[in-house]
Amino acid sequence: MKLSVDEFRKWDNKRVTLLGMSGVGKTRISNLLRNEDWFHYSADYRIGTHYLDEPILDNIKKLAMQVPFLHDLLRADSIHITNNISVDNLKPVSSFLGMVGNPEEGGISLREFRHRQTLHHEAEIAAMYDVPEFIRKSTEIYGYRHFINDAGGSLCELEDEYVMDLLSMHTLIIYIRASREDEEKVIRRAEAAPKPLYYRPDFLEEQLDVYMREQNLPYAAMINPGEFVRWVFPRLYRARKPRYEAIAREYGYTISTEELGAVSDETDFIALLEQSIARAG
């Protein structure tokens, strides 16, 4: 959606999609606006509570069945396992996605990792297809005036053109570009505490091949899961940047992490979006 500043100001029910790598401030600003009449649509929350809820629970139960005490209780239907996913606690989603590598170090097999990557890919696309319906619900059911789509960090990897056309049709797309300093912070944070990630299939295969040759590893099962994520994250970051920039050029607008960091309320946020629109015009 492309608007003039005047059109944006007259837009009574504002709808915004935030794009960018994990750690650039999407969820922080979404949570802030949630207290100021904005419906917060979290893509990761939708993925975890709807599209991957059953696979996540199946994986937890599979692990629990390996414990004799829990095995007997589960077989007898004496205990019930549920997810406790919230917008601020998405760990079950990342735990399910997992990290490829040595099972003795918390890794999962390459075959299973690819399977879970596919499930996440399909779930993320479906969650974005749901945005128009949740825009309707946010107003008609919950009475929110505005809507913010807190998109996942891997949105630029989906390679589904309809997703971006759909989001552009219904929302103002805002790419949050990290400053050099913030980019380094995001990378350092990821290296200090490696977390499961979604990778575009061809990128994953290419990077696995390079990493295993560099480390002289004949099998993926010999990969140290955390070390691979530390090694690959800067490469993933660099690969995603031009993809996000291309989306912003075609479909939306760009703000910086420094600009977003200075936002403390809805008034600041609206002013920043107006500034971004004016720059592009």
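Give the cross-link partners of K91 among the lysines, using a straight C-alpha distance below 20 Å as the criterion and excluding same-chain residues fewer than 8 apart. Correct list for K91: K26, K61, K62, K195. Fewest neighbouring Cβ atoms within 10 Å first, the residues I141, I247, I173 line up as I141, I247, I173. For the chain, the alpha-carbon radius of gyration amounts to 1.08 times the rule-of-thumb value 2.2 N^0.38 Å expected for a compact globular protein. Sequence-ordered 3J(HN,Hα) estimates for segment 139-147 from the Karplus curve with 6.51, -1.76 and 1.60 and θ = phi - 60° stand at 8, 6, 9, 9, x, 6, 7, 10, 9 Hz, glycine and proline given as x. Around the amide H of V16, modelled in the peptide plane, lie the amide H atoms of F147, I148, N149, L172, all under 5 Å away and 5 or more residues distant in sequence or on another chain. At q = 0.25 Å⁻¹ the log10 of I(q)/I(0) for segment 209-265 amounts to -1.01, computed by Debye summation with a single uniform scatterer per C-alpha, solvent ignored.
The residue among A76, H50, S86 whose Cα reaches farthest toward the positive pole of the charge dipole of the chain, with charges on the beta-carbon of Lys, Arg, Asp and Glu, is S86. 3J(HN,Hα) couplings calculated from phi for segment 172-182 with the Karplus curve 6.51 cos²θ - 1.76 cosθ + 1.60 (θ = phi - 60°) are, in sequence order, 8, 8, 10, 8, 9, 8, 6, 5, 4, 5, 5 Hz; Gly and Pro show x. Between the helical axis of 266-280 and the longest alpha-carbon principal axis of the chain there is an angle of about 80 degrees.
Its alpha carbons considered, segment 90-214 gives a radius of gyration followed by a Dmax of 17.4, 56 Å. Exposure proxy for H50, H170: other Cβ atoms within 10 Å of each Cβ, ordered fewest to most, give H50, H170.
In segment 131-188, what is the volume of the convex hull around the alpha carbon atoms, normalised per residue and reported in Å³?
Considering the Cα atoms of segment 131-188, their hull volume per residue is 114 Å³.
With Cα atoms as the point set, segment 9-152 shows a radius of gyration and Dmax of 18.2, 63 Å. Computed from Cα positions, the angle between helix 161-170 and the longest principal axis of the chain comes to roughly 40 degrees.
Under a Gaussian network description of the chain, with springs only between Cα atoms under 10 Å, the residue in Y41, Y142, Y237 that fluctuates furthest is Y142. Taking the Cα centre of each part, how many Å lie between segment 164-211 and segment 83-106? Here the two parts' Cα centres lie 18 Å apart.
In terms of overall dimensions, the C-alpha atoms belonging to segment 159-246 reach 47, 30, 18 Å along their principal axes, ordered largest to smallest.
In straight-distance terms, cross-link reach from K137 covers every one of the lysines whose alpha-carbon lies under 18 Å from its own, apart from those fewer than eight places away in the same chain; here that gives K14. Estimated purely from DSSP H runs of n ≥ 4, each contributing -39500 (n - 2.57), the mean residue ellipticity at 222 nm for the chain is -17500 deg cm²/dmol once divided by its residues.
No value in this document is a laboratory result; all are computed from the given coordinates. Everything numeric in this text was worked out from a predicted model, so none of it was measured. Note: ideal-geometry Cβ built from the backbone for every residue, glycine included; neighbour counts use all protein chains shown.
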